[in-house]
Amino acid sequence: QVQLVESGGGLVQAGGSLRLACAASRSIFSINAMAWYCQAPGKQRELVATISSGGSTNYADSVKGRFTISRDNAKKTVYLQMNNLKAEDTAVYYCNVIVGSVASWGQGTQVTVSS
């Protein structure tokens, strides 16, 4: 199992930016799918963005053009650059990886966007 630790959340005004980081406890070189999810109060956790081992990315429609997911295999870290933040982006953001049939989650980092 992979331990994941998210960081970079905080309070920001609408239109601002944040960069989230997810540090893994082991090499991520061979891990194909890595992802960021978010969960707003009273809502289900939903997929924000994914990145493959080859660098292919996918985004939820609500964040396309504003968020960018990337990975640095040497640093065992996945990032989520969040630009032009909106109040509706307020949520706890979680990092996720699947190795074999085992899904691992971080503890989450709070992002709060004030309007």
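The values are calculated or read from the model by the stated rules, or taken from the named source; none is laboratory data. Bear in mind the structure is a predicted one, so any value in this text is a computation, not a measurement. Virtual Cβ from ideal backbone geometry, glycine too; neighbours counted across all protein chains shown. Note: areas computed on protein heavy atoms with side chains; ligands, DNA, RNA excluded. Shrake-Rupley method; radii C 1.70, N 1.55, O 1.52, S 1.80 Å.
Below 17 Å, Cα to Cα, which aspartates and glutamates can LYS86 reach? Residues fewer than 8 away in the same chain don't count.
Reachable aspartates and glutamates: GLU46, ASP61.
Suppose each label sits 7 Å from its Cα in the direction of the beta carbon; what would the ASN58-ASN73 distance come out to in nanometres?
Going from the ASN58 label point to the ASN73 one covers 2.1 nm.
May I ask you to give the solvent-accessible area per residue for the chain, in square angstrom, as obtained with a 1.4 angstrom probe? Display every interim value, and only then the final one.
Details: 6030 Å² over 115 residues.
Solvent-accessible surface per residue comes out at 52 Å².
Round to a whole number: what % of the accessible area of the chain belongs to carbon and sulfur, probe 1.4 Å?
Reported share for carbon and sulfur atoms: 49 percent.
Can you tell which of LEU85, ILE69, PHE29 lies farthest toward the positive end of the dipole of the chain, using +1 and -1 charges on the Cβ of basic and acidic side chains (Lys, Arg; Asp, Glu)?
So the residue we want is PHE29.
How big is the antiparallel share of DSSP beta bridges in the chain, given as a percent to the nearest 5?
Within the chain, antiparallel bridges account for around 90 percent of the total.
Evaluate the charge dipole of region 14-115 about its Cα centre and quote only its size in Debye, nearest 20, assuming +1 on the Cβ of each Lys and Arg and -1 on the Cβ of each Asp and Glu.
200 debye
For Cα pairs less than 8 Å apart in space and 6+ apart in sequence, what is the mean separation divided by the residue count of the chain, i.e. the relative contact order in percent?
For the chain, the relative contact order is 37 percent.
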